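Novice: Sharing a structure here in structure tokens format.
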Amino acid sequence: DAKTTQPPSMDCAEGRAANLPCNHSTISGNEYVYWYRQIHSQGPQYIIHGLKNNETNEMASLIITEDRKSSTLILPHATLRDTAVYYCIVRKGQGGKLIFGQGTELSVKP
Amino acid sequence: EPEVTQTPSHQVTQMGQEVILRCVPISNHLYFYWYRQILGQKVEFLVSFYNNEISEKSEIFDDQFSVERPDGSNFTLKIRSTKLEDSAMYFCASSGGTGRSPLHFGNGTRLTVT
């Protein structure tokens, strides 16, 4: 599975959009980009995933560049409860395990 | 919304004892996983299970570990002879019928080995 690179930490003001970047320059054609988050020591929570088109759900939007070498997770109106570690993970199209890196620790501040 | 449930939430055991961690995956899911997270470290893959057999396992998943789906609803992780270094959060996950269905995780069992 392709490796991902994320900044170790980011801050965001409450109510503003949080834009979390991820580089996956070695991604191959059948690999999907998944985003999860982990609040405190709870289980990782699925947010969104995509292949090449931009995706949106009730939690977030996922913007994937045309060359698929990077992506951005957008939380449109961050709240204090969005403070968590966010993981960007590349996974083969036929499925299988997720491999977690260190992620980005997002702090939403009042 | 259906969810993965894990019991117990916290288990304390003595070194050398056997422990069984239990999980009830989401009911129509077909793929099952165990992960662990040592305090302050990354979430690590242990094993995946499909069609009543292990489909993949990591180096961590040695002969001390085993998994079982004893009935249609439970998925268990057994550690035969626990070591101090087995102390961690253990997360169960399940995913649906297609290979790229997202994994859904339970809230974990905190295992403390004394």
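The values are calculated or read from the model by the stated rules, or taken from the named source; none is laboratory data. All figures in this text were calculated on a predicted structure; none of them were measured in a lab. Glycine also receives a Cβ, built like all others from the backbone with ideal geometry; neighbour counts cover every protein chain displayed.
Novice: Looking at the stretch A:2-19, can you tell me whether even one residue there is out of contact with any helix residue (DSSP H, G or I) (no Cβ under 9 Å at 6 or more places or on another chain), among the small types (G, A, S) and either part of a strand (DSSP E or B) or facing chain B (nearest Cβ under 10 Å) (or both)?
Specialist: yes
Novice: All but one of (1) assigned to a strand (DSSP E or B); (2) within 14 Å of chain A (Cβ to nearest Cβ) hold for B:L77; which doesn't?
Specialist: So the condition that B:L77 fails would be (2).
Novice: Based on this model, can you work out whether B:S95 counts as touching a residue at least 12 places away in the same chain (Cβ under 8 Å) and closer than 15 Å to A:G96 by Cβ?
Specialist: Here the answer is yes, as B:S95 does meet what is asked.
Novice: What number of residues within the stretch B:85-109 are within 18 Å of A:S41 (Cα to Cα), within 14 Å of chain A (Cβ to nearest Cβ) and outside any loop (DSSP other than H, G, I, E, B)?
Specialist: Residues meeting the conditions: 9.
Novice: Could you list all residues from the stretch A:36-53 that are more than 10 Å from chain B (Cβ to nearest Cβ) and within 13 Å of the chain's Cα centre (by Cα)?
Specialist: Residues satisfying the conditions are A:R37, A:G50.
Novice: Further question: Looking only at the stretch B:28-42, which residues are surrounded by fewer than 18 Cβ atoms within 10 Å (Cβ to Cβ) and under 20 Å from B:E53 (Cβ atoms)?
Specialist: B:N28, B:L30
Novice: May I ask you to say which residue of B:T112, B:T82 is in a loop (DSSP other than H, G, I, E, B) and polar (S, T, N, Q)?
Specialist: Going through B:T112, B:T82 in turn, the sole match is B:T82.
Novice: I'm checking my understanding of the structure. Among residues of the stretch A:24-53 that are of a type in the set (S, T, Y) and closer than 18 Å to A:I99 by Cβ, which one is surrounded by the most Cβ atoms within 10 Å (Cβ to Cβ)?
Specialist: A:Y36
Novice: Let me ask another. Go through the residues of the stretch B:67-74 one by one and say whether even a single one is of a type outside the set (D, E, K, R), under 23 Å from B:L30 (Cα atoms) and in contact with a Lys or Arg (Cβ under 8 Å, 6 or more places away or on another chain).
Specialist: Within the stretch B:67-74, one or more residues are of a type outside the set (D, E, K, R), under 23 Å from B:L30 (Cα atoms) and in contact with a Lys or Arg (Cβ under 8 Å, 6 or more places away or on another chain).
Novice: Could you count how many residues in the stretch B:9-54 are of a type outside the set (F, W, Y) and either without any contact (Cβ under 8 Å) to a residue 24 or more places away in the chain or closer than 18 Å to B:H104 by Cα (or both)?
Specialist: Going through the stretch B:9-54, the residues of a type outside the set (F, W, Y) turn out to be B:9-30, B:36-44, B:46-48, B:51-54.
Filter again for either without any contact (Cβ under 8 Å) to a residue 24 or more places away in the chain or closer than 18 Å to B:H104 by Cα (or both), leaving B:9, B:21-30, B:36-37, B:40-44, B:46-48, B:51-54.
Number of matching residues: 25.
Novice: Any residue at all in the stretch A:54-63 that is under 15 Å from the mean Cα position of the chain (by Cα), within 12 Å of chain B (Cβ to nearest Cβ) and loosely packed, with under 13 Cβ neighbours inside 10 Å?
Specialist: Within the stretch A:54-63 (the criterion being under 15 Å from the mean Cα position of the chain (by Cα), within 12 Å of chain B (Cβ to nearest Cβ) and loosely packed, with under 13 Cβ neighbours inside 10 Å), the answer is yes, since at least one residue qualifies.
Novice: When the residues of the stretch B:12-31 are filtered to those that are in contact with a Cys (Cβ under 9 Å, 6 or more places away or on another chain) and either at pLDDT below 95 or within 19 Å of A:S41 (Cα to Cα) (or both), which remaining residue is nearest to the other protein chains (Cβ to nearest Cβ)?
Specialist: Checking each candidate, the answer is B:C23.
Novice: Could you check the stretch A:67-107 and list, in sequence order, the residues that are among the charged types (D, E, K, R) and assigned to a loop (DSSP other than H, G, I, E, B)? Don't jump to the end; show me each part of the working.
Specialist: Filtering the stretch A:67-107 for residues among the charged types (D, E, K, R) gives A:67-69, A:81-82, A:91-92, A:97, A:105.
Matches in the stretch A:67-107: A:D67, A:R68, A:K69, A:K97.
Novice: Restricting to the stretch A:78-96, count the residues that are within 14 Å of chain B (Cβ to nearest Cβ) and closer than 22 Å to B:G40 by Cβ.
Specialist: Adding up the residues that qualify gives 6.
Novice: Do you know which residues across the stretch B:61-73 are modelled with pLDDT of 95 or more, part of a loop (DSSP other than H, G, I, E, B) and surrounded by fewer than 18 Cβ atoms within 10 Å (Cβ to Cβ)?
Specialist: Of everything in the stretch B:61-73, those that are modelled with pLDDT of 95 or more, part of a loop (DSSP other than H, G, I, E, B) and surrounded by fewer than 18 Cβ atoms within 10 Å (Cβ to Cβ) turn out to be B:D62, B:D63, B:Q64.
Novice: Out of (1) assigned to a strand (DSSP E or B); (2) more than 14 Å from chain B (Cβ to nearest Cβ), what's the single condition that is false for A:S25?
Specialist: (1)
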